[in-house]
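Encoded as structure tokens, the structure appears first; notes follow it.
The values are calculated or read from the model by the stated rules, or taken from the named source; none is laboratory data. If you're wondering where the values come from, they're calculated on a predicted model, not measured in any experiment. Note that we place each Cβ from the backbone using ideal geometry, even for glycine, and neighbour counts take in every protein chain shown.
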Amino acid sequence: MSILIYAESAEGKIKKVAFELASYAKKVAEQQGTTVTALTINADDVSVLAKYGVDKVLKVNQADLKTFNAKAYADVIKQAAQKEGAKLVVLSSTTDAKYLAPLAAMDLDASFASNVVALPESTAPFIVKRTAFSNKGFVFTALESDVKVIALGKNSFGLIEANGTATAEDFNPTVTLDQIKVENVEKVSGKVTIADAEIVVSAGRGLKGPENWGMVEELAEVLGAATACSKPVSDLDWRPHSEHVGQTGKPVAANLYIAIGISGAIQHIAGINASKVKVVINNDPEAPFFKVSDYGVVGDAFQVVPELIKKLKEFKAANH
């Protein structure tokens, strides 16, 4: 038996979230005296997974699975878990995985826990710690079924290098064509996505109009960050709806979240509260966002942000 993780990839490259899953699964495997198997779908170089504790990689390479489809991918996970006799399947909390994990649990007749943020409190019974109430509290959940599926919260565990070796095995699951029918896929190329970003630079109506977003994009480029926005901004069509973050948009659990000209409505804060460090730039000292920020700058964004970009560029130039 082995612990199975689904190692997500994009355009053939393994995502960072997969390394966090591997690190987590390795620690659980050490507790249980078992091994870690990673499932990859159309990934190129899978050897890097061994660095974070994976013992075996099941490599799926099928052109029909090039485009993500939750139903089809869930079936692949089911077949991989059954092949390996896995009693624990670990996925991430990415946008794709939030559709995928419940389907995989259903296919495996497994109990499911999302937003897991720590190693199991115990393994018999299997109890996990999860975030609740929009990251304002925690809940301990016991999973009592034979097979268990959990989704690990992004940036909740970190990366732990194991420096091991892994065997790779080609895996050819059976997937029916009606499972992989996809009508439309929207992609943004050449940019860091919100789902994968370590740093997110977000802005709101304080920027006054879409014509002023150049400095937000420049700051994001300097930091290697993703750009995001508040709900009113996407509602006004200043920015694409894919950039809307918050409780009613995409949740954010970045290591650094920078909010520019966002007052801090409760729905927005609830959706980004899992971010580790929150920096707020706002000219209103009474803005609610300052109450939950780690660092705050009271000032005009049109003066503060260009100066911040300038200083960051100087710092990067001096350290290259």
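Within the range 32-46, if we keep just the residues that are part of a loop (DSSP other than H, G, I, E, B) and under 21 Å from the mean Cα position of the chain (by Cα), the residue that is surrounded by the fewest Cβ atoms within 10 Å (Cβ to Cβ) turns out to be Asp45.
For the criterion of being touching a residue at least 40 places away in the same chain (Cβ under 8 Å) and within 20 Å of the chain's Cα centre (by Cα), Val245 passes. For the range 8-67, the set of residues classified as on the phi < 0 side of the Ramachandran plot and of a type in the set (S, T, N, Q) consists of Ser9, Ser23, Gln31, Gln32, Thr34, Thr35, Thr37, Thr40, Ser47, Asn61, Gln62, Thr67, listed by residue number.
Could you say which residue among Val252, Val280, Val305 is of a type in the set (Val, Ile, Thr), assigned to a loop (DSSP other than H, G, I, E, B), crowded, with 19+ Cβ neighbours inside 10 Å and not assigned by TED's automatic domain parsing to the domain that holds Val117? Answer to the check: Val252.
Among the strands (runs of 3 or more DSSP E) confined to the range 98-170, the ones with at least 3 residues that are touching a helix residue (DSSP H, G or I) at 6+ places or on another chain (Cβ under 8 Å) are located at 111-116, 148-152. Whether any residue in the range 217-224 is farther than 27 Å from Lys313 by Cα, assigned by TED's automatic domain parsing to the domain that holds Gly271 and either without any contact (Cβ under 8 Å) to a residue 12 or more places away in the chain or not in a loop (DSSP other than H, G, I, E, B) (or both) is what I want to check. No, the range 217-224 contains no residue that is farther than 27 Å from Lys313 by Cα, assigned by TED's automatic domain parsing to the domain that holds Gly271 and either without any contact (Cβ under 8 Å) to a residue 12 or more places away in the chain or not in a loop (DSSP other than H, G, I, E, B) (or both).
Restricting Ala113, Ala81, Ala74, Ala29 to residues that are closer than 23 Å to Glu161 by Cα and either crowded, with 21+ Cβ neighbours inside 10 Å or not basic (Lys, Arg) (or both) narrows the list to Ala29.
So is Glu121 surrounded by fewer than 24 Cβ atoms within 10 Å (Cβ to Cβ), under 24 Å from Phe138 (Cα atoms), over 20 Å from the mean Cα position of the chain (by Cα) and not assigned by TED's automatic domain parsing to the domain that holds Val252 or not?
Numbers: surrounded by fewer than 24 Cβ atoms within 10 Å (Cβ to Cβ): yes; under 24 Å from Phe138 (Cα atoms): yes; over 20 Å from the mean Cα position of the chain (by Cα): yes; not assigned by TED's automatic domain parsing to the domain that holds Val252: yes.
Spelling it out, Glu121 is indeed surrounded by fewer than 24 Cβ atoms within 10 Å (Cβ to Cβ), under 24 Å from Phe138 (Cα atoms), over 20 Å from the mean Cα position of the chain (by Cα) and not assigned by TED's automatic domain parsing to the domain that holds Val252.
Leu58 - would you say it is of a type in the set (A, V, I, L, M), closer than 12 Å to Ala151 by Cα, assigned by TED's automatic domain parsing to the domain that holds Lys154 and crowded, with 19+ Cβ neighbours inside 10 Å?
Details: of a type in the set (A, V, I, L, M): yes; closer than 12 Å to Ala151 by Cα: no; assigned by TED's automatic domain parsing to the domain that holds Lys154: yes; crowded, with 19+ Cβ neighbours inside 10 Å: yes.
When the stated conditions are applied, Leu58 does not pass them.
Quick one: would you say Ile258 is within 18 Å of the chain's Cα centre (by Cα), part of a helix (DSSP H, G or I) and crowded, with 19+ Cβ neighbours inside 10 Å? No, not satisfied.
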